[in-house]
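Asks: The structure under discussion is supplied below as structure tokens; questions concerning it will follow.
The values are calculated or read from the model by the stated rules, or taken from the named source; none is laboratory data. What you are looking at is a predicted structure, and each value in this text was computed from that prediction instead of being measured. Because the Cβ atoms are built from the backbone with ideal geometry, glycine has one as well, and the counts that use them run over all protein chains shown.
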Amino acid sequence: MKFPQGDAERPAETKGELKGIHKDGLFMKHIAKVFLLLTLIPGVTVADDKTQPPAPETETPNLSMQVASRLLTEAKELELSSVNVLRNASHIRKQVSEMRVVERSLKDKKQKESYGQSIDTLNGQLELWQKQGADLRASSANLKNYALALIEEGFILQWSDWVKLTGPMRLESSQNQMLAHNTQIRSVHPSMLNRMTSTPETVQPDSMSLEVPAMTGQQAPADLDIRTFQASRDLNFFAHIEPLTKGSPEPLTPLNEIHKWNFLLSDMNGDPITDAKIEFSGHMPGHVHGLPTQPRITAESAPGVYLVDGVKFQMAGWWVIQFDVTANGKSDTIVFNLVL
């Protein structure tokens, strides 16, 4: 039996993936390209019509989004490469496990020692493959994060009169945010106050393993991406969402109140997408319910600017909002994570 001995014995289909990929150098090379291109971005003209925000500028190329498009494509390729590398690492790990079983069954001391050396060699290669996969994944994440920052910059340049929210969505402060799904607790007898805010005494964690998570919800991951500027899953569209509400300095999201959103949609070059077919849905991870309403796109206020009516959040916490978009012969999905 032959075992891999360094790069020379690595599978041909993965050897090219590993060769010449250096995380820091690759990322900095892309950053240098980005800064060079961004120095060429011209100013955006402002329309003379003061009655409503002007339509986005379409004659001036949006280089921020064009660069973001290329970076996201390369980030996706790096992610796929990392998947292949980690798959090979998993295969080696399986080989090691199988060989350990054989090693334990050997009676001959020399054979056992030889097998142990082969296992040590494979373990050394396993560490290299795992590190390479982690490096590729980190490079992909760095490129994606930088690309999403460029998307935000591109939307602000292209839709300067429409974009009011540049950070994550934030909830309006309220004195009554204690909710039972779709009902606010308006008043309770003082003797019931503690019972209304603590776990019911009848809940037995051992016998209600399914019910307890449904009642308590699911904690949002610490590294959850809560940006309101996102790319679609298959990299066909860019989008931005924000509530049409008052707030200082940015619009705030009300709780238990029907309100409207703007949904801004562009292609990968930053050009507005018009006449799109858009479906809206949302849910809370860990809960058994979605939104209490059925929001709909009711108008296209300007090229690429869609009005969403009927949005309502009945609970604070982690919400996943999904837009299914069909336009220009393409169908894709854009997902936003909100922590309200």
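Asks: Are any of the residues in segment 290-303 in contact with a helix residue (DSSP H, G or I) (Cβ under 8 Å, 6 or more places away or on another chain), assigned to a loop (DSSP other than H, G, I, E, B) and either modelled with pLDDT under 95 or over 21 Å from LEU171 (Cβ atoms) (or both)?
Replies: Looking through segment 290-303, none of the residues is in contact with a helix residue (DSSP H, G or I) (Cβ under 8 Å, 6 or more places away or on another chain), assigned to a loop (DSSP other than H, G, I, E, B) and either modelled with pLDDT under 95 or over 21 Å from LEU171 (Cβ atoms) (or both).
Asks: Got a sec? Which of VAL85, VAL101 is in a helix (DSSP H, G or I), of a type in the set (A, V, I, L, M) and farther than 30 Å from ASP234 by Cα?
Replies: Checking each option against the conditions leaves just VAL101.
Asks: Do we find a residue being modelled with pLDDT under 95, in the same structural domain as ILE334 (by TED's automatic domain parsing), part of a loop (DSSP other than H, G, I, E, B) and under 25 Å from PRO221 (Cα atoms) anywhere in segment 260-280?
Replies: Scanning segment 260-280, I find no residue that is modelled with pLDDT under 95, in the same structural domain as ILE334 (by TED's automatic domain parsing), part of a loop (DSSP other than H, G, I, E, B) and under 25 Å from PRO221 (Cα atoms), so the answer is no.
Asks: Let me ask another. Does LEU255 count as at pLDDT below 95, of a type outside the set (D, E, K, R) and touching an Asp or Glu at 6+ places or on another chain (Cβ under 7 Å)?
Replies: yes
Asks: So, GLU152, is that one more than 25 Å from SER90 (Cα to Cα) and touching a Phe, Trp or Tyr at 6+ places or on another chain (Cβ under 7 Å) or not?
Replies: Taking the combined requirement at face value, the residue satisfies it.
Asks: Do we have GLN117 as over 29 Å from ILE321 (Cα atoms), at pLDDT 85 or above and surrounded by 15 or more Cβ atoms within 10 Å (Cβ to Cβ) here?
Replies: When the stated conditions are applied, GLN117 does not pass them.
Asks: Output the number of the condition that SER281 fails; it satisfies all remaining conditions of (1) among the small types (Gly, Ala, Ser); (2) crowded, with 18+ Cβ neighbours inside 10 Å; (3) out of contact with any helix residue (DSSP H, G or I) (no Cβ under 6 Å at 6 or more places or on another chain); (4) within 23 Å of LEU148 (Cβ to Cβ).
Replies: Exception for SER281: condition (2).
Asks: Give all pairs with beta carbons closer than 8 Å in which a residue from segment 95-111 that is without any contact (Cβ under 8 Å) to a residue 24 or more places away in the chain and under 15 Å from THR121 (Cβ atoms) meets a residue that is in a helix (DSSP H, G or I) and among the aliphatic types (A, V, I, L, M); count only pairs at least 6 apart in sequence or on separate chains.
Replies: Cβ pairs passing all conditions: MET99/ILE119; MET99/LEU122; ARG100/ILE119; GLU103/ILE119.
Asks: For the condition under 30 Å from THR274 (Cα atoms), touching a residue at least 60 places away in the same chain (Cβ under 8 Å) and either assigned by TED's automatic domain parsing to the domain that holds PHE229 or touching a Leu at 6+ places or on another chain (Cβ under 9 Å) (or both), what is the one hit in LEU148, LEU136, LEU78?
Replies: LEU148
Asks: Now for a different question. Which condition does PRO249 not pass, out of (1) closer than 18 Å to LYS164 by Cβ; (2) in contact with a strand residue (DSSP E or B) (Cβ under 9 Å, 6 or more places away or on another chain), if it passes all the others?
Replies: Among (1) closer than 18 Å to LYS164 by Cβ; (2) in contact with a strand residue (DSSP E or B) (Cβ under 9 Å, 6 or more places away or on another chain), PRO249 violates only (2).
Asks: Now, a different point. In segment 90-106, is there at least one residue being over 30 Å from GLY270 (Cβ atoms), touching a Ser or Thr at 6+ places or on another chain (Cβ under 6 Å) and surrounded by 17 or more Cβ atoms within 10 Å (Cβ to Cβ)?
Replies: Looking for residues that are over 30 Å from GLY270 (Cβ atoms), touching a Ser or Thr at 6+ places or on another chain (Cβ under 6 Å) and surrounded by 17 or more Cβ atoms within 10 Å (Cβ to Cβ), one finds none in segment 90-106, hence no.
Asks: If a residue has to be within 21 Å of the chain's Cα centre (by Cα), surrounded by fewer than 18 Cβ atoms within 10 Å (Cβ to Cβ) and either of a type in the set (A, V, I, L, M) or outside any strand (DSSP E or B) (or both) to count, how many in segment 317-340 make the cut?
Replies: Selection size over segment 317-340: 3.
Asks: List the number of the failed condition for ILE92; all other conditions in (1) among the hydrophobic types (A, V, I, L, M, F, W, C); (2) under 30 Å from the mean Cα position of the chain (by Cα); (3) modelled with pLDDT of 90 or more hold.
Replies: Unmet condition: (2).
Asks: Still on this structure, I have one more. Out of all the residues in segment 145-155, is one or more assigned to a helix (DSSP H, G or I), surrounded by fewer than 17 Cβ atoms within 10 Å (Cβ to Cβ), modelled with pLDDT of 90 or more and in contact with a strand residue (DSSP E or B) (Cβ under 9 Å, 6 or more places away or on another chain)?
Replies: Checking segment 145-155: at least one residue is assigned to a helix (DSSP H, G or I), surrounded by fewer than 17 Cβ atoms within 10 Å (Cβ to Cβ), modelled with pLDDT of 90 or more and in contact with a strand residue (DSSP E or B) (Cβ under 9 Å, 6 or more places away or on another chain).
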